[in-house]
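**Q** One structure coming up, written as structure tokens, with questions to follow.
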Amino acid sequence: MLASGRGSNLAALLVARDCGDLPAEFVLVASDKATAGALRLAEGAGVPTLVLDPRAYPDRRRFDLDLFDRIADSGADLLVMAGFMRIIDGDALTPWIGRMVNIHPSLLPKYRGLQTHRRALEAGDREHGASVHYVTAELDGGPVIAQVHIAIKPDDDEQRLAQRLLPLEHRLLVAVVADIAAGKVSLDGDGVQFEQETLTQPLQWIEGRLKAAS
Ligand code: GAR
């Protein structure tokens, strides 16, 4: 996993593993921030950690290539980005296409980048949500695997909206990673595959499970 922040998504994945809902082994949690809560959580769970400081590298590309070399050395099959707040060099990413997912707090393709909750509120949207997508060189632009929707309430502000969405993000990410681990979800040249079918729309998190949109 790659994380720059508090690590609540990592916590959700670890709980799911401990409950037997996620058949996955955690081989590395890496961060660009020594203070990331995700690192403390990983240490507490006995997961190896890695911190690389981007300021120690001459440029972004050299940082990314080193980071991704070390991730490859960990033996990871799948790389999960949860709140890793950096744009990644295309060459570093290429070997991971189809093996790297990101959770993003918006209904992509809406609101790529930052401040997604504020932008949804400012636009007067009636619904908001989160997406898990395969990572490509295009920022928040890779094929979307699954989404969860929530209604925006009249009294929502940025913080309330983020708070209501976060637990759903956790469930969405756990469900997608579990389905990838089980071989139900993958990426090929035609797009996202779900149970041997090419998705024409993202899966939806509805009533506690992932469903193909009808
Ligand atoms: C999550 O809300 C995730 O959707 C967001 O960062 C948060 C990480 O929380 N990701 C992005 O904004 C990516 N552009 P966490 O550190 O508690 O898992």
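None of the figures in this text is laboratory data; all of them are computed from the coordinates on show. Quick caveat: nothing in here was measured; it's all calculated off a predicted structure. Glycine also receives a Cβ, built like all others from the backbone with ideal geometry; neighbour counts cover every protein chain displayed.
**Q** Can you bin the stretch 62-186 into rounded, prolate or oblate? Criterion: square roots of the alpha carbon gyration tensor eigenvalues sorted a ≥ b ≥ c, rounded for a/c under 1.5, prolate for a/b above b/c, oblate for the rest. Could the numbers behind the result be given before it?
**A** Values: a/c = 2.46, a/b = 1.73, b/c = 1.42.
Note, shape of the stretch 62-186 comes out prolate.
**Q** Check the chain and count each lysine pair with an alpha-carbon distance under 29 angstrom, considering only pairs eight or more places apart or from different chains. Show your work: numbers first, answer last.
**A** Values: LYS33/LYS110; LYS110/LYS153; LYS110/LYS184; LYS110/LYS211; LYS153/LYS211; LYS184/LYS211.
Lysine pairs meeting the criterion: 6.
**Q** Sorting check: for 177-188, 196-207, which peptide has the highest mean count of neighbouring beta carbons within 10 Å, and how do the rest follow? Kindly include the intermediate steps, with their values, before the conclusion.
**A** Values: 177-188: 16.8, 196-207: 14.2.
The packing order, highest mean first, is 177-188, 196-207.
**Q** Can you tell me, using C-alpha contacts under 8 Å and at least 6 residues apart, the relative contact order of the chain as a whole percent?
**A** The value is 17 percent.
**Q** Also, I was wondering about something else. I'd like the distance between the alpha-carbon centres of the stretch 178-214 and the stretch 90-160, rounded to an integer number of Å.
**A** 17
**Q** At a threshold of 8 angstrom on Cα-Cα distance, excluding pairs fewer than six apart, so keeping six or more, what relative contact order does the stretch 1-51 reach in percent? Working shown, then result.
**A** Working: 69 pairs, mean separation 22.6, N = 51.
Reported as a whole number, the value is 44 percent.
**Q** If the elastic network links every pair of Cα atoms under 10 Å, which of ASP91, ASP32, ASP155 fluctuates the most in the Gaussian network model of the chain?
**A** ASP155
**Q** OK, next. Over the Cα atoms of the chain, Rg to Rh with Kirkwood Rh, two decimal places?
**A** 0.95
**Q** What number, rounded to the nearest 500 deg cm²/dmol, is the helix-based mean residue ellipticity at 222 nm of the chain, given -39500 (n - 2.57) per DSSP H run of at least four residues and division by all its residues?
**A** -9500 deg cm²/dmol
**Q** Here is a further query. What FRET efficiency comes out for the pair SER214/ARG118, r = Cβ-Cβ distance, R0 = 25 Å, nearest 0.05?
**A** Details: r = 32 Å, r/R0 = 1.28.
Computed FRET efficiency for SER214 and ARG118: 0.20.
**Q** Would you kindly state how much longer the chain becomes between ARG6 and ALA45 on full extension, computed as 0.36 nm times their sequence separation minus their alpha carbon distance, in nm to one decimal? Show your work: numbers first, answer last.
**A** Numbers: separation 39, 0.36 × 39 = 14.04 nm, distance 1.48 nm.
Length gained, ARG6 through ALA45: 12.6 nm.
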